[in-house]
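**Q** My structure is below; once you've seen it, I'll send some questions.
What follows is calculated from the coordinates using simple rules that are stated; it is not laboratory data. In this text the structure is predicted, and so the values were computed from the model without any measurement. Because the Cβ atoms are built from the backbone with ideal geometry, glycine has one as well, and the counts that use them run over all protein chains shown.
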Ligand code: IPM
Ligand code: MN
């Protein structure tokens with residue numbers, strides 16, 4: 001099985017290196033030959049090739065079974081007048097590989113509930129699967145900039161078609177079937193035409209194809225509130241691209257640290273793209289203190305969704321649980337009095353905790 005690694009920028013290379021070690025150990029335990037191919041993406045690719053997604057990277061990804069990404073971006077490439085940005089590489093790879101559904105599980109880990117900024121009684125037991133539409137909406141709609149007199153006018157449009165809504169709602173509803181059978185669709189149908197289309201299309205798909213799933217709709221502003229006041233009320237949540245971007249960052253605070261949260265971007269065929277939801281964290285890059293667990297858990301999602309290796313995915317998740325249960329913490333999740341571990345030490349503990357049952 002061919003896995004393309006895209007370490008990217010900042011802490012990306014540090015955390016992907018740990019995920020690779022974990023995958024290599026899983027390979028030897030379960031008898032799989034994973035072949036790794038490391039390719040450039042993001043800011044370093046702009047420096048070396050003038051392109052945040054060089055053609056060779058895209059080609060390697062297309063012919064891979066799955067892609068594991070670290071993170072892209074950093075202050076070095078933040079000039080608003082620059083020709084291109086690291087983030088453009090990420091948006092293009094999502095579009096080119098047809099990765100229209102972004103799965104972001106948000107679970108609180110029992111041992112970590114007290115590192116959440118929210119009270120234990122609110123967050124304990126949270127287990128939400130966010131399904132964010134990833135290749136449409138305002139991220140990819142028509143946009144422009146013009147001059148009128150002394151005014152600059154800019155516009156970005158949220159555009160969706162029936163087909164784009166149907167396919168991501170189906171993915172979300174299927175996910176709900178394997179979970180607590182509840183789906184919440186988030187929109188802004190009181191204002192946006194695009195949201196009213198979402199509302200009609202998803203209601204029809206749910207009625208015709210998923211009558212067994214409890215379905216409701218919530219406006220995005222209200223959802224921002226509910227997410228922190230009663231997070232345990234939600235099972236699967238589906239929403240358009242920009243709302244999903246914002247709500248999943250908000251949701252990432254429920255478990256306490258972004259350093260624990262993986263994400264999977266999938267399409268109808270071809271390789272999926274798996275990554276931590278945190279960014280490149282330039283402030284701690286190169287210090288060896290980043291939490292590698294989100295990327296390690298992203299590798300587990302990769303085994304589950306792209307390589308169809310459920311037992312192997314579970315083995316990684318169980319190993320992570322064991323390491324946390326034993327009290328090991330990186331700086332982002334350590335509380336006062338706990339000695340934080342570095343990136344490689346944490347990765348090594350997960351490798352050692354892996355077993356076949
Ligand atoms: C994310 C990120 C990206 C997004 C950026 C880096 C383009 O915030 O994956 O959520 O907005 O989709
Ligand atoms: Mn985001």
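**Q** For region 129-199, which fully contained strands (runs of 3 or more DSSP E) count at least 3 residues that are under 21 Å from the mean Cα position of the chain (by Cα)?
**A** Ranges flagged: 182-187.
**Q** If you take just the helices (runs of 4 or more DSSP H) that sit entirely in region 209-318, which of them hold at least 1 residues that are away from ligand 2 (no atom under 14 Å from the Cβ) and more than 19 Å from the chain's Cα centre (by Cα)?
**A** Hits in region 209-318: 220-229.
**Q** Hey, another quick one. Looking only at region 158-181, filter to residues that are touching a helix residue (DSSP H, G or I) at 6+ places or on another chain (Cβ under 6 Å), within 13 Å of residue 238 (Cα to Cα) and free of Cβ contacts under 8 Å to residues at least 60 places away in the same chain; which one of those is surrounded by the most Cβ atoms within 10 Å (Cβ to Cβ)? Reasoning before the result, please.
**A** Initial filter on region 158-181 (touching a helix residue (DSSP H, G or I) at 6+ places or on another chain (Cβ under 6 Å)): 158, 160, 162, 165-166, 169.
If we keep only those that are within 13 Å of residue 238 (Cα to Cα) too, we end up with 165-166, 169.
The next check asks that each one be free of Cβ contacts under 8 Å to residues at least 60 places away in the same chain; those that pass are 165-166.
On the way: 165: 24, 166: 15.
The extreme case among them is 165.
**Q** Within the bounds of region 282-300, is there any residue that is free of Cβ contacts under 8 Å to residues at least 40 places away in the same chain, crowded, with 17+ Cβ neighbours inside 10 Å and more than 16 Å from ligand 1 (Cβ to nearest atom)?
**A** Yes; the residues of region 282-300 include at least one that is free of Cβ contacts under 8 Å to residues at least 40 places away in the same chain, crowded, with 17+ Cβ neighbours inside 10 Å and more than 16 Å from ligand 1 (Cβ to nearest atom).
**Q** Only one of (1) touching a helix residue (DSSP H, G or I) at 6+ places or on another chain (Cβ under 8 Å); (2) under 13 Å from residue 243 (Cα atoms) fails for residue 195. Which number is that?
**A** Answer for residue 195: the failing condition is (1).
**Q** OK, next. In region 1-98, which helices (runs of 4 or more DSSP H) lie fully inside it and hold 1 or more residues that are over 18 Å from the mean Cα position of the chain (by Cα)?
**A** Passing ranges, in order: 12-30, 43-49, 55-62.
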